[in-house]
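Asker: This is the structure, below, for whatever I ask next.
The values are calculated or read from the model by the stated rules, or taken from the named source; none is laboratory data. As the structure is a computational prediction, the values presented were derived from the model and not from experiment. Cβ: placed from backbone, ideal geometry, glycine included. Neighbour counts: every protein chain shown. These accessible areas exclude ligands, DNA and RNA; they are computed on the full protein's heavy atoms, side chains included. Shrake-Rupley method; radii C 1.70, N 1.55, O 1.52, S 1.80 Å.
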Amino acid sequence: IGAIIPMLWAFLFYTIIQKSNNDLISQNEEQLRITLESLGEGVISTNTNGIITNINPVAQTLTGWSKNEALNKPLFEVFDVIDSEIRNSRYNPIEKVLISGTIIEFSSNTILRSKQGVEFHISDTAAPIRNDSGESGGIVLIFNDVTEKYLQERKLKESEERLLTTIKGTKAGLWEWDVLNSNFSITQEWSEMLGYSQKELTIHSFDDLFKIIHPAISLSFKDEINKYIFNPQTIFETELQLRHKSSRW
């Protein structure tokens, strides 16, 4: 009996400690579940074989797969991505992340195709999951739907290309002044009007521009510019005499 009683106390102590550890693990798992479900990004985690071990609600919405459907499935059966430009080029973030052991970000050209065939432009980050020993335990994907942003940027790019094509077609010179950063830029057509190549005519600031403006009108031009800065709702229009490469005005 004297030997059994200490053993019983040890067993009881071990049971209490084990229960506390299990309770702590359960609390941590619940906290992780709540966090994942609250995120505005899609999150998918896998094991080292690329089998899905977790998927949050946003990822379920974007992929079209419910959690019950996606768990224990190969990642690329659920996370079906292609390059928007090439269309038939497949990504394989699992291999890239596991081989390099580093975080990899994918371009906005990445398209995620849902189970129902709906396509989303996404921003995507893949990172290795490591344990305390630094060993890889799979990967985690974090991605956002950036379709609207992508389409807006595409429209802006197309608009800029049309504008530049129009300018080149009319052979009109264009100068642009970033007032806040004091940056000044000119187009090739603008340089050619003055007999220079674009590399020859170094105008990087408004002060550089004043060096080739006729002294008789430089002060009045500066006044006009200052007035326009304080009232940019109007159209700024002026005539200038500029020094040609041949030294004529």
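Asker: When you go through (1) β-branched (Val, Ile, Thr); (2) open to solvent by 50 Å² or more (accessible area, probe 1.4 Å); (3) more than 15 Å from residue 48 (Cβ to Cβ); (4) without any contact (Cβ under 8 Å) to a residue 24 or more places away in the chain one by one for residue 142, which number turns out not to apply?
Answerer: Condition not satisfied by residue 142: (4).
Asker: Which members of the stretch 119-144 meet the condition of being of a type in the set (D, E, K, R) and farther than 14 Å from residue 80 by Cα? Walk me through how you get there before you give the answer.
Answerer: Taking the stretch 119-144 first, the residues of a type in the set (D, E, K, R) are 119, 124, 130, 132, 135.
Scanning the stretch 119-144 gives 130, 132, 135.
Asker: Within the stretch 59-73, track down each residue that is in a helix (DSSP H, G or I) and open to solvent by 20 Å² or more (accessible area, probe 1.4 Å).
Answerer: Quick first cut of the stretch 59-73, residues in a helix (DSSP H, G or I) only: 59-63, 67-70.
Listed by number, the residues that qualify are 60, 61, 67, 68, 69.
Asker: In this structure, is residue 14 open to solvent by 90 Å² or more (accessible area, probe 1.4 Å) and either at pLDDT 90 or above or of a type in the set (Ser, Thr, Tyr) (or both)? So that I can check it myself, show each step before the final result.
Answerer: Working: open to solvent by 90 Å² or more (accessible area, probe 1.4 Å): yes; either at pLDDT 90 or above or of a type in the set (Ser, Thr, Tyr) (or both): yes.
Against the criterion (open to solvent by 90 Å² or more (accessible area, probe 1.4 Å) and either at pLDDT 90 or above or of a type in the set (Ser, Thr, Tyr) (or both)), residue 14 qualifies.
Asker: Also: Suppose the filter is at pLDDT below 90 and open to solvent by less than 60 Å² (accessible area, probe 1.4 Å); does residue 28 pass it? Break it down into steps so the answer makes sense when it comes.
Answerer: Values: at pLDDT below 90: yes; open to solvent by less than 60 Å² (accessible area, probe 1.4 Å): no.
The answer is no for residue 28.
Asker: Within the bounds of the stretch 112-133, is there any residue that is open to solvent by less than 40 Å² (accessible area, probe 1.4 Å) and either at positive phi or in a helix (DSSP H, G or I) (or both)?
Answerer: There is no residue in the stretch 112-133 that is open to solvent by less than 40 Å² (accessible area, probe 1.4 Å) and either at positive phi or in a helix (DSSP H, G or I) (or both).
Asker: Can you confirm whether residue 164 is open to solvent by less than 50 Å² (accessible area, probe 1.4 Å) and either among the polar types (S, T, N, Q) or over 30 Å from residue 126 (Cα atoms) (or both)?
Answerer: no
Asker: Does the stretch 167-181 hold any residues that are open to solvent by less than 70 Å² (accessible area, probe 1.4 Å) and part of a helix (DSSP H, G or I), and which are they?
Answerer: 167, 169 - these are the residues of the stretch 167-181 that are open to solvent by less than 70 Å² (accessible area, probe 1.4 Å) and part of a helix (DSSP H, G or I).
Asker: May I ask you to say which residue of 76, 143 is aromatic (Phe, Trp, Tyr) and assigned to a helix (DSSP H, G or I)?
Answerer: Values: 143 fails: assigned to a helix (DSSP H, G or I).
Going through 76, 143 in turn, just one is aromatic (Phe, Trp, Tyr) and assigned to a helix (DSSP H, G or I): 76.
Asker: Condition test on residue 158, is it at pLDDT 85 or above, surrounded by fewer than 16 Cβ atoms within 10 Å (Cβ to Cβ) and touching a strand residue (DSSP E or B) at 6+ places or on another chain (Cβ under 8 Å)? Explain how you work it out, then say what you get.
Answerer: Working: at pLDDT 85 or above: yes; surrounded by fewer than 16 Cβ atoms within 10 Å (Cβ to Cβ): yes; touching a strand residue (DSSP E or B) at 6+ places or on another chain (Cβ under 8 Å): no.
No, not satisfied.
Asker: Return only the number of the condition from (1) part of a loop (DSSP other than H, G, I, E, B); (2) modelled with pLDDT of 85 or more; (3) surrounded by 13 or more Cβ atoms within 10 Å (Cβ to Cβ) that residue 198 does not satisfy.
Answerer: Of (1) part of a loop (DSSP other than H, G, I, E, B); (2) modelled with pLDDT of 85 or more; (3) surrounded by 13 or more Cβ atoms within 10 Å (Cβ to Cβ), only one is false for residue 198: (2).
Asker: Output the residues belonging to the stretch 203-217 that are modelled with pLDDT of 85 or more and assigned to a loop (DSSP other than H, G, I, E, B).
Answerer: 211, 212, 214
Asker: Still on this model: Only residues in the stretch 153-182 that are touching a residue at least 12 places away in the same chain (Cβ under 8 Å) and more than 14 Å from residue 206 (Cα to Cα) count as the first member; pair them with residues that are open to solvent by 90 Å² or more (accessible area, probe 1.4 Å) and of a type in the set (Asp, Glu), Cβ under 9 angstrom, at least 6 apart or cross-chain, and list the lot.
Answerer: Close Cβ pairs (under 9 Å, with a partner that is open to solvent by 90 Å² or more (accessible area, probe 1.4 Å) and of a type in the set (Asp, Glu)) amount to 171/192; 173/192.
Asker: Oh, and also: Would you point out the residue of the stretch 218-242, among those that are in contact with a strand residue (DSSP E or B) (Cβ under 8 Å, 6 or more places away or on another chain) and part of a loop (DSSP other than H, G, I, E, B), that is surrounded by the most Cβ atoms within 10 Å (Cβ to Cβ)? So that I can check it myself, show each step before the final result.
Answerer: First, pick out the residues of the stretch 218-242 that are in contact with a strand residue (DSSP E or B) (Cβ under 8 Å, 6 or more places away or on another chain): 221, 240-242.
Remaining after also requiring part of a loop (DSSP other than H, G, I, E, B): 240-241.
Working: 240: 12, 241: 15.
Taking the candidates together, the pick is 241.
Asker: If we scan the stretch 209-217, do we find a residue that is under 30 Å from residue 74 (Cβ atoms), among the small types (Gly, Ala, Ser) and either touching a Ser or Thr at 6+ places or on another chain (Cβ under 9 Å) or open to solvent by 40 Å² or more (accessible area, probe 1.4 Å) (or both)? Before the answer, list the steps.
Answerer: Let us first name the residues in the stretch 209-217 that are under 30 Å from residue 74 (Cβ atoms), namely none.
Taking every residue of the stretch 209-217 in turn, none turns out to be under 30 Å from residue 74 (Cβ atoms), among the small types (Gly, Ala, Ser) and either touching a Ser or Thr at 6+ places or on another chain (Cβ under 9 Å) or open to solvent by 40 Å² or more (accessible area, probe 1.4 Å) (or both).
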